[in-house]
1. How far is it, in nm, from the label point at residue A:313 to the one at residue A:230 when both lie 7 Å from their Cα along the line to the Cβ?
2. For segment B:51-172, what are the per-bin percents of Cα-Cα distances with bins 5 Å wide, up to the bin holding the maximum?
3. Using a Förster distance of 51 angstrom, determine the FRET efficiency expected from the C-beta separation of residue A:112 and residue B:95, and round it to 0.05.
4. Once the Cα gyration tensor of segment A:39-288 is diagonalised, what are the square roots of 5 times its eigenvalues, in whole Å and ordered largest first, as equivalent ellipsoid semi-axes?
5. Which number do you get for Rg(Cα) / (2.2 N^0.38 Å) in segment A:162-208?
6. Using R₀ = 51 Å, calculate the FRET efficiency as 1/(1 + (r/R₀)^6) where r is the Cβ-Cβ separation of residue A:254 and residue B:51; round to 0.05.
7. For segment A:257-322, what number results from the quotient of the Cα radius of gyration and 2.2 N^0.38 Å?
8. Taking every Cα atom in segment B:1-83, find the radius of gyration and the maximum pairwise distance Dmax, and write them in Å.
Amino acid sequence: MHGHSTFEPKNGVVKWLEARLPILSFMHGSFVAYPTPKNLNYWWTFGAILSFMLIAQIVTGVVLTMHYTPESTLAFSSVEKIMRDVNWGWMLRYAHSNGASMFFFAVYIHIFRGIYYGSYKAPREVLWILGVIIFLLMMATGFMGYVLPWGQMSFWGATVITNLFSAIPFVGDEITVWLWGGYSVDNPTLNRFFALHYLLPFIIVAVVGLHVWALHVCGQNNPDGVEIKDIEKDTVPFTPHATMKDSLGIVFFLLLYCWFIFYVPNYLGDADNYIPANPMKTPPHIVPEWYFLPFYAILRSIPDKLAGVIAMFAAIAVLAFLPWLDTSKVRSAKYRPIYKIFFWVFVVCAVGLGYLGAMPPEGGFVLASRILAVAYFAFFLIVLPLLGLFEKTKPVPASIADAVLAKHGSASSVAAGAASAPQTKG
Amino acid sequence: MASATTVEPTRRDFLFIATGAVAAVGAAAVVWPLINQMSPDASTLALASTEVDIGAIPEGQIITIKWRGKPVFISHRTEKEIKEAEDVNVATLPDPQTDAARVQKPQWLIVIGVCTHLGCIPLGHQGEYGGWFCPCHGSVYDTSGRIRKGPAPRNLAVPQYSFLTDTKVKIG
């Protein structure tokens, strides 16, 4: 799917470099001449938005490091110093803390888009699994970053999450002590979390590199879920078309991001985290950051410790098996009327679990999270495998060009070709 | 393999495997310090025990002291609390243990104040069994620190301790 690069250097220096390291023609082929499907909508701009957020987090993170002290007696006050004394410190920290939220917001949309349009199906399984790995790395990074300010929620969030590992049979307690570097969350824990919080974003950069590589091998999926057949008719060059569309997407996303930074910077945070960590007092109600809430709700919905922890990790791991759980040969929900309904039910379940994760674990909330947790797994393990066998799908257009022309009401000859057989796997 | 025709293992095969085995042991020997450095260091291990004067704790009060960075509850139990802890059908408990197995002297209950679910600190004199209630995920403990309800799998742990005198206890 690599574009037929039209890159022909005229400049002598560029020719010299090209003969030794063809990096410029590689960039040209990947981001200028690269053919993108004509029918991409704005949901496809989230890849670029996520790349932007990753860079923004690394840049703000690196400068925050210049002022932060990863030591349990100084961490909290060094963050307050950033907020009050460091030039632009308040803005950099708010950009970084809200940036984490925006990053997760974008990644959830990106994942839901993949599920809606069947972007995980052959031949894009590896691309999808790399995405799940990036999501896991993001969760680890986000969690460890939240511990660094060493407030009450940092400390108790770290305590609860590291204690998840104590559920492992036989060696759980030893693993937990090893993770802590002591008998509770303390200075050694903070130190290592800081080291890993600095390291993991660069691992994410590397896996994103693989993710983009895999994408450029198979080519992008698209709203109609049909493969590119004719580069001339079905695609447009990445630059200027995708470049401009992605840029506009980023601009609108930045508006939302800036609204959070400058108008409601603490809306997504927890007031308890402005109280310094106290290992002797648990806050009355521990809540993780909003982006972990659906998984936290699944953890709490099960009254058994080990089973709860397994269910929580399984809720993430099940995503990696999606390419094989979904048996339908049609990719896009556009042509899968029943799948489309289940997809939206699934979205409601996921958001509902997020709401329940923030509620106290009592009464009707527990029952509701149990029902939604069952529904969450049922979507992957029951609905997707069976739907592929029983669902009557709509006819899939023969090509991207046909889909685009049919939509914009052109020559009737195109419509005749639209009723071809659905895409077959592989 | 270059020597696909050879049936008998040769001296070269032996040397090849032996070299590989030594390399594997070497790699493991290098990895171990990199993993083991994360375990508690010498200064953390040195803080292993602490002494507490319990003479000033009135009956019915629970105090919290810090041991190995964790809270330890010392409860001076009332007659009623002791009776409630003893009058339980042990077989019905999620983690069956008699009260006698958890105390050295019935009026003093000493337990690690960390919920066995996910490590929060339970609140004293709360919950329907008059013992502890964990605010995080709703585990309920009785006056012997035993789990009675909620997601926690085990009773509150009893640390190693000994009475140095009637009013002095050494934990650890």
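None of the figures in this text is laboratory data; all of them are computed from the coordinates on show. Keep in mind that what you see is a predicted model, and the values were worked out from it rather than measured. Methodologically, a virtual Cβ is constructed for each residue, glycine included, from the backbone with ideal geometry; neighbour enumeration extends over all protein chains shown.
1. Each label point lies 7 Å from its Cα, and together they span 5.2 nm.
2. All Cα pairs, binned at 5 Å, distribute as 2, 12, 24, 25, 21, 11, 4, 0 percent.
3. It comes to 0.75.
4. 37, 22, 14
5. 1.37
6. Once the sixth-power term is evaluated, E becomes 0.30.
7. Working it through for segment A:257-322, the quotient is 1.47.
8. Just the Cα atoms of segment B:1-83 yield Rg and Dmax of 29.8, 87 Å.
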